[in-house]
Amino acid sequence: MTREDEGGRGQKLAGPLAQRTLAVGTRAEGRGREDFLVRVRAALNRHGREHVPEPPPLEEKLVRRVSAEEDLVARFAERAAGAGVKVVRTAMRALPAELGALLEELEARRVTVSLSESPLAAQVHAGLAAARRTVVDWRAEQGLEAHYDVDAGITDVVAAIAETGSLVMAADAQHSRGTHLVPPAHVAVVRASDIVPDLIDIFRRLREAGQGMSASTVIVTGPSKTADIEGILITGVHGPGRVAVLLVEDS
Amino acid sequence: MNPARRASDREGAHLLDPPLPFEMRPRIERALADARLQAFVNGATLERDRGRVRVCQEAFGADLEALRELAGQVKQHTLDHLDVYLEQFIDQATAAGAHVHLAADANEANEIALSLARASGCKLCVKSKSMVTEEIGLLPRLQEIGVETIETDLGEFIIQLDKDAPSHIVTPMIHKDRSAVARAFQRELGAPYTEDPEELTRIARRYLRAKYREAGLGISGANFLVAETGTLVLCTNEGNGSFCVSGPRLHVAFAGIEKVIPRLEHLSLFLKLLARSATAQAITVYTTMITGPRRAADHDGPKALHIVLADNGRTHLLRGESRELLRCIRCGACLNACPVYRKVGGGHAYGAVYSGPIGAAITPLFKGLANYRDLPQASSLCGACAEACPVKIDLPRHLVRLRQRAVEGHLTGFFERCVFRLWRIVLERSRLYRVATAMQRVFLRAIGARAGGKPPHGDGRWVWRAPGLLRGWTSQRDLLSPPSRGFRDWWRERAKEDKP
């Protein structure tokens, strides 16, 4: 691509790419859009626009499987383990040492890191320094490149889900899309307060973020897997084959 | 049919894009003769089907029915107001920085993709699963303009290498064994021959990683489109989807217009049902939600996101009763539940992109009933598919309607029409009916007499081998003839006895 695109909300693509696409097919602006929608309306036997109706309500009682009253930490740990995640329960003070031990077990010398600034992040960096691991700066290379050459990616999370043992990560200035995805191992540092009960809660939270919602939010449950070859379960196909969680209970 | 597409080197293309009208019988016969294929497909689908039942029971218990009903209602509601929700999705996605294109048919969708590819100057494309791209036959078209497109889902990758075609919409290579994979890798990738699945996967991972790093274009499908926020949702277990949409500078996503759901919160309902129905998991390993291209502050992610919403026959289904078929979330549960699908060795027998019960219902609507008149017949109407469907599509009803339309459209064979005309004549006349049933009784008892053996009750006789048309039936089953006296006669005599 010849021109850098600023991307970002509401901004149109500039440069050759935009000009080319204007000439093709049906764009979502102008006549093309109306023609398309007219066909849809005709199929629905409708002849004009109507406002957005109310969809059937999501009966919470029916859809929710885990409520806030339960022991969310225990439930999360159990479900994550069931999904093939190694869960290490620890406390803030012990975090650096536990991280060191985990990286030793994963034989991870070089790592990339995506963390929001916080006391948790400080502890992670302390642990990395103490264990003398090399932190590769993913900002120094284009796209996801930096992550291909490390042994593990360390991230915090936007949230964790007790119902499924899942980790939720979102891309932003401090968080690369590749840290939890590209290296062969992923270590997630999760606070007990990060854990929400059910999938319902995640989407409520994301909805609240509104326009501020990340361009890429991922819910990850366990290591990458496939059973395409004769139904045999194999991990680490594209994403990491090993996922570990440091569950910090006193924060 | 596009001649350029026929000339593609993808031999597997003919499997799902056969000459029309499609003759299902030869493929069925081939599959029935292949014991190994049967064992394979049988094992894979049965296990998934049982797994679905088990995990749904564990997770939802008695609430399962209500959840399926709710999911069906949300989908139906969205379809009933699809114009509004589509507009909302377009507006929201555009506000988030994506470009939304509307393709009326396969040609338009391909043209949009080709022009985007050309303008980008990309020569290498990495692709995750998208049924729409299979419908429109995108890959050979990209090939023609010099864009190498690599399928990254492991099963699809292997199938692409082997010039084969997928046989299941979720688990595409249930018809292939490890030795076929080993041969394909050796032949196409120059890898040493190994049948170890772990080693084979490592070979694929290494190869595909190199491609991820180089590719300028990423193509994906979308499992859901959220109208409220303009978000694309991709569900994979391997993570290949995430690679395709995070690495390359241009991301083009394809989705059918029926993939829209109203709100983000509805995802919780559909995600809880999707993976359980598809692969007996609580949730897919990766659920990636994309809202627009990279933000200004992001370090990575595509600079441009283009979303192609395809009609390609869906507005045709949107009319009238077939609208319900658009509820489909492509989980594959009906394929796994269907005894016919199992027996015919999977999707290749259906000769279309969509196979199994859902394929049998929508393919004739997309491609013309005259072209695929065998598909609605390939069912015993047992209803396993309707029970499995997480959005409660009453598939047997749709198959029956297609059969009705086949009769109305004079698409049934001469012999079949004669038989049913005779059937109707006899059933409309009670005297003729009685004569016919008497003849049947006499005949079956006569041929049954030779076989012998005591029946469970009454004085019916076992027929172990019937001649003519019944031979096929009795080759697998014993047929019990009617008793010496029919119910009517018995009843009449009883009534006489009861009278004082």
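The values are calculated or read from the model by the stated rules, or taken from the named source; none is laboratory data. As the structure is a prediction and not an experimental result, all values here were calculated from the model. Counting neighbours? That spans all protein chains shown, and the Cβs are built from the backbone with ideal geometry, glycine included.
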Within the range B:410-426, how many residues are at pLDDT 90 or above and either assigned to a loop (DSSP other than H, G, I, E, B) or among the aromatic types (Phe, Trp, Tyr) (or both)? 2
Of the residues that sit in the range B:56-88 and are among the acidic types (Asp, Glu) and touching a residue at least 60 places away in the same chain (Cβ under 8 Å), which one is farthest from the other protein chains (Cβ to nearest Cβ)? B:Glu69
Condition met for A:Val63 (in contact (Cβ under 8 Å) with a residue 12 or more places away in the chain and more than 30 Å from B:Gly72 (Cα to Cα)): no
The range A:70-84 - residue that is outside any helix (DSSP H, G or I) and within 21 Å of B:Leu269 (Cα to Cα) and, of those, farthest from the other protein chains (Cβ to nearest Cβ): A:Glu70
If a residue counts only when it is free of Cβ contacts under 8 Å to residues at least 60 places away in the same chain and on the phi < 0 side of the Ramachandran plot, which helices (runs of 4 or more DSSP H) contained entirely in the range B:278-381 have at least 3 such residues? B:314-318, B:356-367
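Being among the polar types (S, T, N, Q) and touching a residue at least 40 places away in the same chain (Cβ under 8 Å) is the filter here, so list the residues in the range A:203-251 that pass it.
Of everything in the range A:203-251, those that are among the polar types (S, T, N, Q) and touching a residue at least 40 places away in the same chain (Cβ under 8 Å) turn out to be A:Gln211, A:Ser214, A:Ser216, A:Thr217, A:Thr221, A:Thr235, A:Ser251.
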Does the range A:84-99 contain at least one residue that is in contact with a Gly (Cβ under 6 Å, 6 or more places away or on another chain) and within 28 Å of B:Thr279 (Cβ to Cβ)? yes
Filter result (under 24 Å from the mean Cα position of the chain (by Cα), within 9 Å of chain B (Cβ to nearest Cβ) and hydrophobic (A, V, I, L, M, F, W, C)) within the range A:59-69: A:Val63
Under 6 Å between Cβ atoms, which residue pairs at least 6 apart in sequence (or on different chains) link something in the range B:398-419 that is free of Cβ contacts under 8 Å to residues at least 60 places away in the same chain with a partner that is among the polar types (S, T, N, Q)? B:Leu399/B:Ser379; B:Ala406/B:Thr412
Kindly establish whether B:Glu151 is of a type outside the set (S, T, N, Q), at pLDDT below 95, surrounded by 19 or more Cβ atoms within 10 Å (Cβ to Cβ) and within 24 Å of B:Leu234 (Cβ to Cβ). no
Any chance the range B:273-283 includes a residue that's surrounded by 23 or more Cβ atoms within 10 Å (Cβ to Cβ), more than 23 Å from the chain's Cα centre (by Cα) and facing chain A (nearest Cβ under 7 Å)? no
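From the list A:Leu58, A:Leu128, A:Leu37, A:Leu44, pick out the single residue that is out of contact with any Phe, Trp or Tyr (no Cβ under 7 Å at 6 or more places or on another chain) and at pLDDT 95 or above.
That would be A:Leu128, the only listed residue that is out of contact with any Phe, Trp or Tyr (no Cβ under 7 Å at 6 or more places or on another chain) and at pLDDT 95 or above.
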Of the residues in the range A:221-234 that are assigned to a loop (DSSP other than H, G, I, E, B) and buried (at least 22 other Cβ atoms within 10 Å of the Cβ), the one that is nearest to the chain's Cα centre (by Cα) is A:Thr221
Taking the condition of being closer than 24 Å to A:Thr90 by Cα, touching a Ser or Thr at 6+ places or on another chain (Cβ under 8 Å) and of a type in the set (Gly, Ala, Ser), how many residues in the range A:171-190 meet it? 1
Scanning the range B:212-224 for residues that are over 20 Å from the mean Cα position of the chain (by Cα) and not charged (D, E, K, R), the one nearest to A:Gly236 (Cα to Cα) turns out to be B:Tyr212
Scope the range A:202-220; condition crowded, with 20+ Cβ neighbours inside 10 Å and not aromatic (Phe, Trp, Tyr); matching residues: A:Ile202, A:Leu206, A:Met213, A:Ser214, A:Ala215, A:Ser216, A:Thr217, A:Val218, A:Ile219, A:Val220
State all residues of the range B:149-166 that are away from chain A (no Cβ under 12 Å), acidic (Asp, Glu) and closer than 25 Å to B:Pro357 by Cβ; if no residue qualifies, say none. B:Asp164
Restricting attention to the range B:184-196, which residues are assigned to a helix (DSSP H, G or I), out of contact with any Phe, Trp or Tyr (no Cβ under 6 Å at 6 or more places or on another chain) and surrounded by 14 or more Cβ atoms within 10 Å (Cβ to Cβ)? B:Ala184, B:Phe185, B:Glu188
Among the residues of the range A:159-172, are any crowded, with 20+ Cβ neighbours inside 10 Å, more than 17 Å from A:Gly222 (Cα to Cα) and in contact with a Phe, Trp or Tyr (Cβ under 8 Å, 6 or more places away or on another chain)? no
Quick one: B:Ile169 ticks every box in (1) away from every other protein chain (no Cβ under 11 Å); (2) surrounded by fewer than 21 Cβ atoms within 10 Å (Cβ to Cβ) bar one, so which box is it? (2)
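Taking only the range B:146-183 into account, find how many residues are aliphatic (A, V, I, L, M) and in contact with a Cys (Cβ under 6 Å, 6 or more places away or on another chain).
Adding up the residues that qualify gives 1.
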